[in-house]
């Protein structure tokens, strides 16, 4: 069962009710021209009693079709919004899943596009189903009424409509493919834009504005070209639907006129026939709109399914760490072997920045090692549940995200950390100075400098007070004085708990118990910062460059 089918099947009752009301509305719309023809014949024949009766019936039909359309449209909109909302929630849950994987090879902006634009298009399919089915019912009702007026006209509608619907469905196939391509390009352009906005300070610092603009322009032009192609296809599709519907209705009108000339239809019946043919314009247009919405919804549903069905980044592991956690870490992989004792304050220097980033991700189980093992208190991390592991091992990447709100809410993770822990963490990370410089109590991330963001992020990690803390280059955007001040406070606030600083900062490395040096070849050795500066030229060049 496809995602689109599953999304709509949960709304069967609402769809059925909406379709019933929409069909009632369409039946009333079809009955109006038929009743007008009857009323004209009654007026010509002079029967005032019958005329009043049929005029009353026409009034009742108008009231019924008005209310049925109002509530059908309301139900359809509700189904559409609820379906889109449920899909958005599923996408968010998948993106935030403990085992990850949804973000692999996808920019954040692309995921946002899937959760918004694609979810909305899938939701619109619910409305298309409600009114599309009612349009089919409208055609059938019109055919029955035409049969009561004239057998040839009724058969013409009954036999001509199915091929017309099939033909419009075949014409809509290219639109589906173009729509998927359009969404892919639009999502990628959104992703590039989001990345540029997030890294705006870095772009300006590197004076790379022109390169950034060129990159976004290229992606935006590709998205524009895809959108134009899809819009042209949609316009051609709608034009073909209107053309085919117009030809079909013209044939009905011509046949009705011929029958009237032959005397096989009364004046009222002719008017009813022409009116019913005119009424069929609405259902025919609805077929085109529903076909467009379903084609776009199917393409979007495939994009959503690709996110929801993305393989997890880490597999296996459901056990909990042994409590209390001592904090002993051991790495055994690809010739890379080192250990961190419980409660040790250790620095790790990697000659390859990619190796450093990878190691932080492995400690946090954002990914699993391709070979070898990493253990916590003797247990492989791959045996542990990611959520349980992250409750005792906090591994923070170099690039961290902050959210608007108060500064203390950002550091305490909305009140989950005790107030005294937050206060101590702010002092240790020098984030109290950031608080004093804020114009208000609210933290507006876009107004903070790179160094201020790093101080808030470091304070947030320290306030969590995990048994094992792994941080990656937490002070690269700070000035030397602030960095030295923070380095002197870190040992105190992390006393007795395992702390790993993956960094090349000499100020931070100087306060560690020892430094583990990881070479690109996989070899590693350790010593104090002072010892390594005196005996290792490569280390000295790396940390003092």
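No value in this document is a laboratory result; all are computed from the given coordinates. As the structure is a prediction and not an experimental result, all values here were calculated from the model. We place every Cβ from the backbone using ideal geometry, glycine too, and count neighbours over all the protein chains shown.
Observations, loosely collected:
- Solution diffusion estimate, µm²/s, Stokes-Einstein, the range 329-544, Kirkwood Rh from C-alpha pairs, 20 °C, viscosity 1.002 mPa s: 121
- The range 267-412: projected area of the alpha-carbon convex hull, averaged over directions, in nm²: 17.2
- The base-10 log of I(q)/I(0) for the range 1-117, evaluated at q = 0.11, 0.15, 0.21 Å⁻¹, reads -0.59, -0.79, -1.08 [Debye formula, identical scatterers on Cα atoms, solvent excluded].
- Mean separation of Cα contacts under 8 Å (6+ apart) over length of the range 253-404, as relative contact order %: 23
- Cα-based Rg and Dmax for the range 348-410, where Dmax is the largest Cα-Cα distance (Å): 14.1, 43
- Counting neighbouring beta carbons within 10 Å and listing from fewest to most, the residues 89, 284 come out as 89, 284.
- Taken over the alpha carbons of the range 487-545 as equal point scatterers, the Debye sum produces base-10 log I(q)/I(0) values at 0.12, 0.15, 0.27 Å⁻¹ of -0.29, -0.44, -1.22.
- Footprinting exposure proxy for 408, 497 (fewest neighbouring C-beta atoms within 10 Å first): 497, 408
- Full-extension gain in nm, residue 89 to residue 465, via 0.36 nm per residue minus C-alpha separation: 132.3 nm
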